[in-house]
Amino acid sequence: MEVNFHHIPVLFDEVMEWIEPAPEGVYADGTLGGGGHSEGILRLSGGKARLFGIDRDEEAIAAASHRLRDYPGFQAIHGNFHDAKELLTAAGTPPLNGALLDLGVSSHQLDEGARGFSYHEDAPLDMRMDASESMTAYHVVNTYSENQLNRIFWDYGEEKYARRVTAAILKHREQKPIETTLELVDIIKGAMPAAALRE
């Protein structure tokens, strides 16, 4: 089944220039996504290279597998690029000629409101890169301690109003769980000073 996974690969020409796809080459795409970079490598190798594409998102795996179905050297691997060495070893990958990572959330994940990454439409608090994982944003927002939430907003989000946002979340969840993306957005907006909202 084809998954509509539209994604424009970043710095495509530059990546192809540095990877220099070769017919006998072996490559790894640690963030497969929609398969744009992988398709470029396979096409520029004359369709003869081997390429192992890793992604946590099963929708991305399905979309890329459909897109790259005519390339016999393509193999999709479900997993996290953090575990690339183990995943590639388990797949029997020979030594690589090149590898790439296109880090960040894909445009498809942001556009799919149901995934819970977007703050433009309401959806359940999910935000899982890998839908097979049990941990969701709902769990984090509604059960993490004050210190844990502060650390997420301050260390990972670099949010200078982290303490205000955390306090607002803690206060709100005393009344009821925070269930949707727009509910969380409203809480965060309410915690921000007016000057920060104008920025």
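The values are calculated or read from the model by the stated rules, or taken from the named source; none is laboratory data. Since this is a predicted model, take the numbers as computed values, not measurements. Cβ: placed from backbone, ideal geometry, glycine included. Neighbour counts: every protein chain shown. Keep in mind that these areas ignore ligands, DNA and RNA; they rest on the heavy atoms of the full protein, side chains included. Shrake-Rupley method; radii C 1.70, N 1.55, O 1.52, S 1.80 Å.
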Exercise. Do we find a residue being in contact (Cβ under 8 Å) with a residue 40 or more places away in the chain and open to solvent by 50 Å² or more (accessible area, probe 1.4 Å) anywhere in segment 174-195?
Worked result: yes
Exercise. Do any residues in segment 33-50 that are closer than 11 Å to MET16 by Cβ and surrounded by fewer than 24 Cβ atoms within 10 Å (Cβ to Cβ) have Cβ atoms under 7 Å from those of residues that are small (Gly, Ala, Ser) and at pLDDT 95 or above, where the two are at least six apart or on different chains, and which pairs are they?
Worked result: SER45/ALA22; SER45/GLY25
Exercise. Residues in segment 97-105: is at least one modelled with pLDDT of 95 or more and open to solvent by 50 Å² or more (accessible area, probe 1.4 Å)?
Worked result: yes
Exercise. Mind checking which pairs have a first residue in segment 1-27 that is within 23 Å of GLU58 (Cα to Cα) and charged (D, E, K, R) and a second that is surrounded by fewer than 17 Cβ atoms within 10 Å (Cβ to Cβ) and modelled with pLDDT of 95 or more, Cβ under 6 Å, 6 or more apart or different chains?
Worked result: GLU2/HIS66
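Hey, any hits in segment 44-56 for a residue that's at pLDDT below 95 and not in a strand (DSSP E or B)?
Scanning segment 44-56 turns up at least one residue that is at pLDDT below 95 and not in a strand (DSSP E or B).
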